[in-house]
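See below for the structure under consideration.
The values are calculated or read from the model by the stated rules, or taken from the named source; none is laboratory data. Since this is a predicted model, take the numbers as computed values, not measurements. Here the Cβ is made from the backbone with ideal geometry for all residues, glycine too, and neighbour counts use every protein chain on show. In case anyone asks, the SASA skips ligands and DNA or RNA and just uses the protein heavy atoms, side chains included. Shrake-Rupley method; radii C 1.70, N 1.55, O 1.52, S 1.80 Å.
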Amino acid sequence: MTPSRSIGDAMRLLAGRAGLSRELRLAHLRWALLARIVDDRLLTLYNSAQVPGNVFTSRGQEVLAAAMGVHLRAPGPGAIGDIFAPLIRDQAARLAFGETPLDVIRTHLGKVTGPMRGRDGNAHRGELAKGMLPMISHLGAMPSAVAGVLLARRLRGALAYPDSCIGITSIGDGGTATGALHEALNVIAIEKLPFVLVVANNQVSYSTFNDRSFACRDLVDRAIGYGLRGWSCDGTDAVDSLVAVGGAIAAARRGEGPQMVVASLLRLAGHGSHDDARYMPAELKARFGDGVELAQAAALAEGLIDQAGLDALLEELRALVRAAADTARGEANPDPERDDWRVLSTPDLLAMPGPTAEANP
Amino acid sequence: MTTSYVEAIRAALGDALRDDPRVFIYGQDIAGSFGGAFKATKGLSELHPERVINAPICEDAITGVAIGAAIDGMRPVIEFQFADFASIAFNQLVNHAATTFWRTGRPCPLVARLPMGGTKGSGPFHCQMPEAWLSHHPGLVVVAPATVADAYWMLRDAIACDDPVIFCEHKYLYNHLRETGDPRLAERLPLGAAVVRRAGSDCTLVSYSAMLHECLSAAGVLEQEHGVSVEVIDLRCVRPLDTATILESVAKTGRVVVATEAWPFGGIPAEVVAVIASEAFHLLDAPPRRVCAVDTPIPVQPDLYAAHRPHAADIVEAVLETVRF
Ligand SMILES: Cc1ncc(C[n+]2csc(CCOP(=O)(O)OP(=O)(O)O)c2C)c(N)n1
Ligand SMILES: [Mg+2]
């Protein structure tokens, strides 16, 4: 389905396409391909019973997620960086933002070496020091937390328009039905935060199709109701996704307030590795292409890369992921005897220092 | 000079805002000349206009915002207009705030202020006690101050604490409880410590929040009219429990009654009794008893309301049955 598009959207796309550099297109392609390869490896590990729990792949959504990732700025020495709360189908964006395939695999295998130390798994991972909030399962919970980080930065004077750090998260078509998302978007609009929500409308919420998730004409129509700026894009198209997501992120950086991008695409797998998605109608499958295949074809057709270059890139990425899997599999599992099982960071509430200068530096 | 419970809370908020630029307050109707439904923030937005922020009606998002700000280095204090509405924030509190340190190793130092407890004529949705259901989830500190000095110091300590703290403040005490002097000059007890408010030898009486005052008057009656010496313990912090202080007292008295204004099923008294039964069974001379509210929603009509919540007379009766066992 081509998303409904205004003349303004179409002009933005034309102008934006011209502004996409070869480097950006190639970086985007690289992250989309890497996400696909990481997902395939996770499924191999799942199928050989090495993953406790399920695997949720981004299949069909890599191009959209990569368009988020290439426009983000990871924190670094002296750089505050963006704040990103990825959901289950944002693998490409996570990788582009700095998550390593090794940490992805460690978390899926429950290794103590991973950022979640075996305490949480699959897509529930992130590293606060790297600007990535680890999602909780409950859909709709992350946008307000991203808003909290941005509010904290505003209070500290760290939102520097017109080149500010931004906060970004995504939600599925199903997740748009939550009350939590409604509350969060309203607060974000009131506070005029530099925030971007990417709505990945992959047509289905587990097994429930759009007609049972919402009744509005198009989810992008909700943007104006909250006081957000809305963008639409074809989430299977690299250029379209780069222009819309990149445009929204740039606008937020400039201080133009919160943005919402609604991308249309299709989940090309089951909800998770346990789901064969037999409920997915052929009619939907016929309507949407595979963004990763389309992006490769477009890159070849536009002369961004030649076949030999693409083959070499794929081989490089596969080797990277293979090595990460080999490393992770050799690493330690958490030891129940040695885990501290500590749930509070305060070691002893009977001996906690009070509100002194040391306690509140 | 006297200070009321709500004035102590306001003083603690004001001092925390003054001393620590990381502190900000977020909640409904808290800013401007209004200063909150119970006036706990009155005058604070004039002094700190950027850090006393009015929120729309969205307890889930208010809590999510606090979580994000806390992990980014701030010290948010959120105010729920009534503790009853914290149920809307249940998910963010128990699944997000409570799990953050355990999952990530990064503390989540937020304070959620919950004006709780019964006041006459307020009914089923403005009187509830949230401490039991929030205490059930590992990762939250849940406190319920009963005195003016504790209202001040426990709030200061809650804000200084690196963990998420559920601060249950009793609405009846706001303006009914006054103590002489400035609470800043009162003794600061550790946030997690229970304290013996009255020493005694025949029976231990455990409580927290406003019910402490019913226990203290019951103890007076028991002493004067029945010659029964009661040791009254104020839990102060209901999660984690200071079990050492409880067990020490039970070792002395061999008898225990636990009183709460909350419902009986799965409540704080049930937990206290379970700890005593499993760790100090050999010290007991009588079965531990609970005194709780009637196990129905909270009625609005004053006679029904009075019969719903426990009073000193109910506690006297429970203690007498325990010592006569
Ligand atoms: C509040 C909440 N309810 C139920 C679930 C269980 N659940 C997990 S994913 C999912 C479907 C989500 O669909 P959508 O938001 O469209 O995202 P997609 O999986 O399509 O990417 C459901 C129902 C959940 N995680 N959170
Ligand atoms: Mg979906």
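Before moving on, here are some points about what is shown:
- The simple Förster model, with R0 at 45 Å and r as the Cβ-Cβ distance, assigns residue B:47 and residue B:320 a FRET efficiency of 0.30.
- Interatomic Cα distance distribution for segment B:2-185, bins of 5 angstrom, percent: 1, 9, 18, 23, 23, 16, 7, 2, 0
- Counting Lys and Arg as +1 and Asp and Glu as -1 over every other residue whose Cβ lies under 13 Å from the Cβ of residue A:166, the net charge comes to +3.
- Residues in segment A:272-292 that a label on residue A:207 would reach, taking backbone N under 14 Å of a point 7 Å out along Cα→Cβ: A:272, A:274-281
- Gyration tensor (alpha-carbon) shape descriptor, segment B:200-248, a/c threshold 1.5: oblate
- The calculated Kirkwood hydrodynamic radius for chain B is 19.9 Å, given to one decimal from all distinct C-alpha pairs.
- Selection of GluC sites (Glu not before Pro), segment A:256-351, meeting DSSP coil and at most 14 other Cβ within 10 Å: A:302, A:331, A:337
- Helix-only mean residue ellipticity at 222 nm for the protein assembly as shown, each DSSP H run of n ≥ 4 adding -39500 (n - 2.57), per residue, nearest 500: -12000 deg cm²/dmol
- Here the accessible area is traced with a 1.4 Å probe on the protein chains. For the protein assembly as shown, carbon and sulfur cover 56 percent of it.
- Sorting B:1, A:135 on solvent-accessible area from highest to lowest, probe radius 1.4 Å, gives B:1, A:135.
- Label zone (residue A:333, point 7 Å along Cα-to-C-beta; backbone nitrogen cut-off 20 Å) within segment A:92-117: A:103-117.
- The Cα center of segment B:178-220 and the Cα center of segment B:3-30 differ in position by 23 Å.
- Computed on segment B:195-323, with alpha-carbon pairs under 8 angstrom and 6+ residues apart, the relative contact order is 29 percent.
- Residues in segment A:117-142 occluded by at least 20 Å² - accessible area, probe radius 1.4 Å, against chain by itself: A:117, A:119, A:120, A:128, A:134, A:136, A:138, A:141
- Sparse-neighbour loop sites [chymotrypsin sites (Phe, Trp or Tyr not before Pro); segment A:239-345; at most 11 other C-beta within 10 Å; DSSP]: A:341
- FRET efficiency for residue A:79 and residue B:2, using Cβ-Cβ distance with R0 set to 56 Å, rounded to 0.05: 0.60
- Taking every protein chain into account, the accessible area of chain A amounts to 40 square angstrom per residue (probe 1.4 Å).
- Interface between chains A and B: roughly 4100 Å² of accessible area buried, both sides summed (probe 1.4 Å, protein heavy atoms only).
- Electrostatic tally near residue A:140: other residues with Cβ closer than 14 Å to its Cβ, Lys and Arg +1, Asp and Glu -1, net -3.
- Given chain B, longest segment not containing exposed loop GluC sites (Glu not before Pro) (DSSP; at most 16 other Cβ within 10 Å): B:188-325
- For residue A:111, the aspartates and glutamates whose Cα falls under 17 Å of its own Cα, not counting residues fewer than eight places away in the same chain, are A:99, A:103, A:120, A:127, A:326, A:331, A:335, A:337, A:339, A:340.
- Here, segment B:195-323 has an Rg and a Dmax of 13.8, 44 Å when only alpha carbons are counted.
- Normalised by 2.2 N^0.38 Å, where N is the number of residues, the alpha-carbon radius of gyration of the protein assembly as shown equals 1.07.
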